[in-house]
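**Student:** Before we start, here is the structure in question, set down as structure tokens.
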Amino acid sequence: MQKLSSFVCNQWQTGQGEGRVIRHAISDEVLWEVSSEGIDFAAACHYAKTVGAPALQAMTFIERAALLKAVAKHLLAEKAAFYEISRQTGATRADSWVDIEGGIGTLFTYASLGNRELPDDILWPEDPLIPLSKEGGFAARHVLTSKQGVAVHINAFNFPCWGMLEKLAPTWLAGMPAIIKPGTATAQVTQAMVKSMVESGIVPDGAISLICGSAGDLLDQLDSQDVVTFTGSATTGQQLRIHPNLVKQSIPFTMEADSLNCCVLGESVTPDDPEFGLFIREIVREMSAKAGQKCTAIRRIMVPATQLDAVRHALLEKLSTLPVGDPSQAGIKMGTLVNRAQQQDVQQQVDTLCQAGCERLLGGHIDPKLPGAGYPLTLLYCPQPDDTAAVHEIEAFGPVATLMAYRDKAHAVTLARAGGGSLVATFVTNDDHAARYFIAGAAHAHGRIQILNRDAAAESTGHGSPLPQLVHGGPGRAGGGEELGGLRAVKHYLQRTAIQGSPSMLAAVGQQWVRGATVHEDTIHPFRKYFEELQPGDSLLTHRRTLTEADIVNFACLSGDHFYAHMDKIGAEASFFGERVVHGYFIVAAAAGLFVDAGVGPVIANYGLEGLRFLQPVKPGDTIQARLTCQQKTIKRQRSAEERATGVVQWAVDVTNQHQEVVAVYSILTLVARRETDFPPDAIAE
């Protein structure tokens, strides 16, 4: 029997001894034997830390973002091979699309986030300057740096591609190598994707390792600079969380566990409302997608008692006609479970729920007419949800959900919270007051809540779709952890350190000028310098300009802004200001007139203004002056050889009056030409 190899220490290694067997979900044919016996996990960790980590950490965040995009493009070109292997797991084409292309899409998302929002540096200054002294000579910032270890990702079987990639994207962006331990039942799909990455030559040596089979003593090899993440059952996750070495070394552990997610129909919704149909559609989709093998699948269906019969009838009608079977056959909407063991597990949990007081409305028994590990769509009914603890505690990890009724909106919130913490809930309503009540009462028990109505339906990504931009995780039973959530996820793999010192020292450490730090002035206007020539701290103090009543009148006529504080002398005298004041936006415009160099030069365009604050009123007769300072620079990679080489420069602008009081502060972003292409083309899309 052929064994599925692992990839450690930059080579493919086959485990020894007898291992677990992977079977085809439809034909039950033996495909692989999986064993990691004999693999040196200490050596695997050492290689990742001494070879993979230095390679990744030598790259800036921008370069790592480019790596993510290059890997994503390569995998997208190879997707047909992954789809073919995914069919072995009982997944339909739609199921595999979420896993394969959804995972690749996460790489693209993090590539874009990193390129747009992270510095072109190996350090990430997280926040603005924090003053710590009266005169401003002592301050602090929090700086994020790469942990000097390896990230161990222990994944579930249900999403062999997405489960890996959604963790790998922020891990690599943070500069950490990863050891992937996929769920054994679908490890061949993960292995195919890792093999493709390795053979592409894009990924640095040691940046990724793969363990097919048991994790053995892997967790014993870790130290305080390492990170462990887990996706899977709550029971297994709880056992791993208290692993003696993880506890001893205070190793960060992030857990995302299966949970009793719910879908709640609002009290005011009737069968005549569009929301009723949306509710039914959402449940049917979530029960059938991946044959219910999703950590985000709907397990508990909560409806007003007045609509129980209508909902039951509608669900039975839709579920009983949904084509189930071999996903390779035309017209099949739901495939099978991953293997016979999973089939038996689902049956056991359904039996337990029924013994606890639930009733079978549809399915609930293994159907010999279904191929392989097939299991029928199963709808249960719980007549006493307050007294049946099992319905809020036991999960059948398959196409199974339980219907229950609530008395009023307070009871609905109580039932939604009864699951002990979940990844996601959906509340279906067109009543904004009802939505507010539900969120206020139930949000603390869920990691994500979708409010579904007629306005959101057309573009909704659905109850069960974690998005890279949003936190994926939940309290209590769901694991108490967070994954994804945009750049939040990257910070899980970075060390936050508070750095104290003078503003000039903090600017030097962070390679970003901060207010209060030393500035550098010379005879060349900053707008005459190319991107390479500019340095953080390069500054220009402009000449002065006295503002007049004529400026106020002219700007009001030009802009149409005739607000009384600018134009009504009597009204202004009775106002907070005591007299007429200059338009704030005119101050910004006048400051630009002071610091802009009008000639053709390296500055191509101004395409952003951030953090604008007006700190003091400016009155007719006041004199303003501006200081323009290069704050930070970010390279922009070229999409093609023909595209002009540029970078983005962020400038700090401080506008003062004749008393040296700051009247306005803000930052502007400019696109600045580079003298030559420092980086190869084909990089991050905006």
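**Student:** Mind checking which residues of segment 348-374 are of a type in the set (A, V, I, L, M, F, W, C) and either touching a Phe, Trp or Tyr at 6+ places or on another chain (Cβ under 6 Å) or more than 30 Å from ASP387 (Cα to Cα) (or both)?
**Tutor:** Start the filter on segment 348-374 by keeping residues that are of a type in the set (A, V, I, L, M, F, W, C), which leaves 350, 353-354, 356, 358, 361-362, 366, 370, 373.
Residues satisfying the conditions are LEU361, LEU370, ALA373.
**Student:** Let me ask another. Checking the conditions here, which among ARG448, ARG488, ARG515, ARG496 is among the basic types (Lys, Arg), buried (at least 20 other Cβ atoms within 10 Å of the Cβ) and either more than 30 Å from SER288 (Cβ to Cβ) or assigned by TED's automatic domain parsing to the domain that holds ASP273 (or both)? Let's see the steps before the verdict.
**Tutor:** Values: ARG488 fails: buried (at least 20 other Cβ atoms within 10 Å of the Cβ); ARG515 fails: buried (at least 20 other Cβ atoms within 10 Å of the Cβ); ARG496 fails: buried (at least 20 other Cβ atoms within 10 Å of the Cβ).
Testing whether each residue is among the basic types (Lys, Arg), buried (at least 20 other Cβ atoms within 10 Å of the Cβ) and either more than 30 Å from SER288 (Cβ to Cβ) or assigned by TED's automatic domain parsing to the domain that holds ASP273 (or both) leaves just ARG448.
**Student:** Let me ask you something else. Has segment 426-434 got at least one residue that is crowded, with 19+ Cβ neighbours inside 10 Å, farther than 17 Å from PHE276 by Cα and either in the same structural domain as LYS294 (by TED's automatic domain parsing) or out of contact with any strand residue (DSSP E or B) (no Cβ under 8 Å at 6 or more places or on another chain) (or both)?
**Tutor:** no
**Student:** Within segment 247-281, which residues are crowded, with 24+ Cβ neighbours inside 10 Å and of a type in the set (Asp, Glu)?
**Tutor:** GLU256, ASP258
**Student:** Another question about this same structure. Here is a list of conditions, (1) touching a strand residue (DSSP E or B) at 6+ places or on another chain (Cβ under 9 Å); (2) within 30 Å of GLY325 (Cα to Cα); (3) surrounded by fewer than 19 Cβ atoms within 10 Å (Cβ to Cβ), and LYS79 meets all of them except one; can you say which number that is?
**Tutor:** Every condition holds for LYS79 apart from (1).
**Student:** Do we find that ALA42 is modelled with pLDDT under 95, part of a helix (DSSP H, G or I) and touching a helix residue (DSSP H, G or I) at 6+ places or on another chain (Cβ under 6 Å) in this structure? Reasoning before the result, please.
**Tutor:** Details: modelled with pLDDT under 95: yes; part of a helix (DSSP H, G or I): yes; touching a helix residue (DSSP H, G or I) at 6+ places or on another chain (Cβ under 6 Å): yes.
Spelling it out, ALA42 is indeed modelled with pLDDT under 95, part of a helix (DSSP H, G or I) and touching a helix residue (DSSP H, G or I) at 6+ places or on another chain (Cβ under 6 Å).
**Student:** Which of the following residues is in contact with a strand residue (DSSP E or B) (Cβ under 8 Å, 6 or more places away or on another chain) and part of a helix (DSSP H, G or I): LEU534, LEU540, LEU506, LEU558? Break it down into steps so the answer makes sense when it comes.
**Tutor:** Working: LEU534 fails: part of a helix (DSSP H, G or I); LEU540 fails: part of a helix (DSSP H, G or I); LEU558 fails: in contact with a strand residue (DSSP E or B) (Cβ under 8 Å, 6 or more places away or on another chain).
The conditions single out LEU506.
**Student:** Scan segment 257-277 residue by residue and report those that are among the hydrophobic types (A, V, I, L, M, F, W, C) and under 26 Å from the mean Cα position of the chain (by Cα).
**Tutor:** Within segment 257-277, the subset among the hydrophobic types (A, V, I, L, M, F, W, C) is 257, 260, 262-265, 269, 276.
Those that are among the hydrophobic types (A, V, I, L, M, F, W, C) and under 26 Å from the mean Cα position of the chain (by Cα): ALA257, LEU260, CYS262, CYS263, VAL264.
**Student:** Could you tell me whether ALA389 is surrounded by 16 or more Cβ atoms within 10 Å (Cβ to Cβ), of a type in the set (Gly, Ala, Ser), more than 21 Å from VAL324 (Cα to Cα) and without any contact (Cβ under 8 Å) to a residue 60 or more places away in the chain?
**Tutor:** On the way: surrounded by 16 or more Cβ atoms within 10 Å (Cβ to Cβ): no; of a type in the set (Gly, Ala, Ser): yes; more than 21 Å from VAL324 (Cα to Cα): yes; without any contact (Cβ under 8 Å) to a residue 60 or more places away in the chain: yes.
When the stated conditions are applied, ALA389 does not pass them.
**Student:** Quick one: which helices (runs of 4 or more DSSP H) lie wholly within segment 68-174 and hold at least 1 residues that are over 27 Å from ALA289 (Cβ atoms) and touching a helix residue (DSSP H, G or I) at 6+ places or on another chain (Cβ under 9 Å)? I'd like the intermediate steps shown before the answer.
**Tutor:** Values: elements: 79-86, 93-117, 162-174.
By residue number, 93-117, 162-174.
**Student:** Which residues, taken from segment 1-39, are without any contact (Cβ under 8 Å) to a residue 24 or more places away in the chain, out of contact with any Gly (no Cβ under 8 Å at 6 or more places or on another chain), part of a loop (DSSP other than H, G, I, E, B) and exposed (fewer than 12 other Cβ atoms within 10 Å of the Cβ)?
**Tutor:** GLU18, GLU29
The values are calculated or read from the model by the stated rules, or taken from the named source; none is laboratory data. Here the structure is a predicted model, which means the values were calculated and not measured. Don't worry about glycine lacking a Cβ; one is built from the backbone with ideal geometry, like all the others, and counts go over all protein chains shown.
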